[in-house]
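Below you'll find the structure, written out as structure tokens, and then a few comments.
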Amino acid sequence: MAQAARTTQTTQAAQTDQMIQNSCAGFAEALASKAPVPGGGGASALVGALGAALGGMVANLTSGKKKYADVQADMESLLADATALRAELLSLVGRDAEAFAPLAEAYGLPKDTPERAAQRETVMETALRGACAPPLAIMDAAARAVELHEALAQKGAAIAISDAGVGVCFARAALEGASLNVFINTKLMRDRAYAEKINQKAEILLERYLPRADAVFRVVRGRLSP
């Protein structure tokens, strides 16, 4: 039974990754269903990837323009960063779903005897640690996307500045959304010292990058003012 459950969850994770490759509509439909994956973590990663893609758009629209020749080298570097971030965040959609499989299996383990309950707790603890890794990685990538848009908001072409603003909003949403998927897992951990260590990493990213994202939005909004 446990192997069957693991196989099902792994299959769902693979399907999630395939949906990302082929169909936004399919992903949205799966997200709205009763299936455990994709969920909030995968959705956060996808939103972050879209934010990075918008960063690539701004860099592409700025690159090669005579008016912005002095930032050409910057745009080439930023475009490379945006492309890498987009790929990383898209991969994290599938990784988040895959990491949930052992946790879903652990939830279904019997706890009708003290021995089984103890075994379930041990398996749960390991699964919870594994489930924290992808959303924490999503947060890290989203933070780097905020940095990307900081530069684009200052140096990007005026015609695409609104896209930098939308991109940083998406990066911010990915950062906050993924943090909730960290915290829901750490809340259930019995090893509170380890949980607090993970929580601290997430809190630091929020404290550092939410204000920076808001500042980028204000810069963009200011550039769009009459």
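The values are calculated or read from the model by the stated rules, or taken from the named source; none is laboratory data. Everything quoted here is computed from the prediction, not taken from an experiment. A quick note on method: Cβ atoms are made from the backbone with ideal geometry, for glycine too, and the neighbour counts reach across all protein chains shown.
If you check residue 172 against the conditions, is it surrounded by fewer than 23 Cβ atoms within 10 Å (Cβ to Cβ), at pLDDT 95 or above and of a type in the set (Lys, Arg)?
Details: surrounded by fewer than 23 Cβ atoms within 10 Å (Cβ to Cβ): no; at pLDDT 95 or above: yes; of a type in the set (Lys, Arg): yes.
It is false that residue 172 is surrounded by fewer than 23 Cβ atoms within 10 Å (Cβ to Cβ), at pLDDT 95 or above and of a type in the set (Lys, Arg).
Which of the residues belonging to the range 189-200 are touching a residue at least 12 places away in the same chain (Cβ under 8 Å) and either among the hydrophobic types (A, V, I, L, M, F, W, C) or loosely packed, with under 15 Cβ neighbours inside 10 Å (or both)? Walk me through it before giving the result.
Taking the range 189-200 and keeping what is touching a residue at least 12 places away in the same chain (Cβ under 8 Å), we get 189-191, 194, 198-199.
Of everything in the range 189-200, those that are touching a residue at least 12 places away in the same chain (Cβ under 8 Å) and either among the hydrophobic types (A, V, I, L, M, F, W, C) or loosely packed, with under 15 Cβ neighbours inside 10 Å (or both) turn out to be 189, 190, 191, 198.
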Handout entry: Single residue of the range 116-146 satisfying the filter (more than 13 Å from residue 198 (Cβ to Cβ) and not hydrophobic (A, V, I, L, M, F, W, C)) that is surrounded by the most Cβ atoms within 10 Å (Cβ to Cβ)
Key = 144
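Residues checked against (1) farther than 29 Å from residue 71 by Cα; (2) touching a Leu at 6+ places or on another chain (Cβ under 8 Å):
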{"site": "130", "(1), (2)": "yes, yes"}
{"site": "143", "(1), (2)": "no, yes"}
{"site": "154", "(1), (2)": "no, no"}
{"site": "180", "(1), (2)": "yes, no"}
{"site": "186", "(1), (2)": "yes, yes"}
{"site": "198", "(1), (2)": "yes, yes"}
{"site": "207", "(1), (2)": "yes, no"}
Handout entry: Within the range 142-169, tally of residues that are of a type in the set (S, T, N, Q) and either within 15 Å of the chain's Cα centre (by Cα) or modelled with pLDDT of 95 or more (or both)
Key = 1
